[in-house]
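The values are calculated or read from the model by the stated rules, or taken from the named source; none is laboratory data. The shown structure was predicted, so the numbers you read here are calculated from the model rather than taken from an experiment. Quick reminder, even Gly has a Cβ in these numbers, built from the backbone with ideal geometry, and neighbours come from all protein chains shown. When the accessible area is computed, the model is the full protein with side chains, heavy atoms only, and any ligands, DNA or RNA have been set aside. Shrake-Rupley method; radii C 1.70, N 1.55, O 1.52, S 1.80 Å.
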Amino acid sequence: MHRSTPVPPTIVLVHGAFTDASSWAGVISLLHAAGLTVRAPANPLRGLAQDAAYIRSVVRDIDVPVVLVGHDYGGAVITHAATDADNVVALCYVAAFGLDAGECVLDITNRFAPTPAADATFAVALPAQIPGGADSELYIRRERFQHVYAADLPTGVKEVLSVAQRPIACSALTGRSGPPAWASKPSWYAIATADRILNPTAQRFMAQRMAATEYMLDGSHAVVLSQPDAVVAMIREAAEQGNDRGDDGLRQGFWASE
């Protein structure tokens, strides 16, 4: 039987707190240049369960294999969203939270030595509250943003990011994860060794816990912006291996239907 050429996975990029999907701009350009299809949905940043449900709905609308990539809090979202998503063939974490079942973001940050970001954030009450919704959200102080979030970016870029940051609902940091997708799907993890938001030791702990293929990047928490080439190298490796896995799964499904 002639074996058809497998369809390359679609790359779905999920941003984290204090930024938006434009943080993936450099990564997207390089992935497009490599001929890959990319989606970069807006992560609502309102709560882990609802954010994961939204990303899960995005993934389910894609009819080819998917590589899910999360940065920062986006890692917690993909961990929770991909558990029952059969078309997700690989997970990539970039300085991200890879939570275990019953764990929340604050469990990880409190488990390890505090970073400079610990006293650089502040909460703001929402002026108009939705019943059952978030009542406050978290920002990084503008005067501290450049140092703690994006120390390796040009000054002009850091200033823009500090003004344009998207806050995260405080309640999102205490949302408990369900069974982790990394327990059943191959994972990759880019550790930002100069990160001042998420302790690099915590990143290494999570990467080893999920038995991820590790990439060590000498960069800040904004490594998706400062080192897009290195991030894309990891994603492409995951996509290539995931492509084989996704093709095997599709062929198994075909034979099962015969």
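Here are some notes:
- Once the C-beta distance of VAL7 and GLU159 is scaled by a Förster radius of 30 Å, the resulting FRET efficiency is 0.15 to the nearest 0.05.
- Residue-span extension gain [ASP244 to ALA25] - 0.36 nm each, minus C-alpha spacing: 76.1 nm
- Cα Rg, Dmax, the chain, angstrom units: 18.0, 63
- Directionally averaged projected area (convex hull, Cα atoms, the range 1-81), nm²: 5.9
- With each label modelled as a point 7 angstrom along the Cα→C-beta vector, the ALA125-ASP84 pair spans 3.8 nm.
- Kirkwood hydrodynamic radius (C-alpha pairs) into Stokes-Einstein, the range 169-235, 20 °C and 1.002 mPa s, D in µm²/s: 164
- For the range 76-223: rounded, prolate or oblate by the Cα gyration tensor [a/c cutoff 1.5]: oblate
- Calculated [θ] (222 nm, deg cm²/dmol) that DSSP helices of n ≥ 4 give over the chain, each run adding -39,500 (n - 2.57): -11500 deg cm²/dmol
- Ligands, DNA and RNA left out, the 1.4 Å accessible surface of the chain is 54% carbon and sulfur atoms.
- Calculated on alpha-carbon atoms, Rg and Dmax of the range 110-191 in Å: 16.1, 42
- Just checking the listed ones, ALA202, ALA164, ALA33: in the Gaussian network model of the chain with Cα springs under 10 Å, the one fluctuating most is ALA33.
- Taking all protein chains into account, the per residue accessible area for the chain stands at 44 Å² (1.4 Å probe).
- Each label point was placed 7 Å from the Cα along the Cα-to-Cβ direction; for ARG60 and ALA118 their separation is 4.1 nm.
- Extension gain from ALA49 to GLU143, taking 0.36 nm per residue of separation minus the Cα-Cα distance: 30.7 nm
- Applying 0.36 nm per residue to the separation of ARG204 and ALA42 and subtracting their alpha-carbon distance, the gain on full extension is 55.6 nm.
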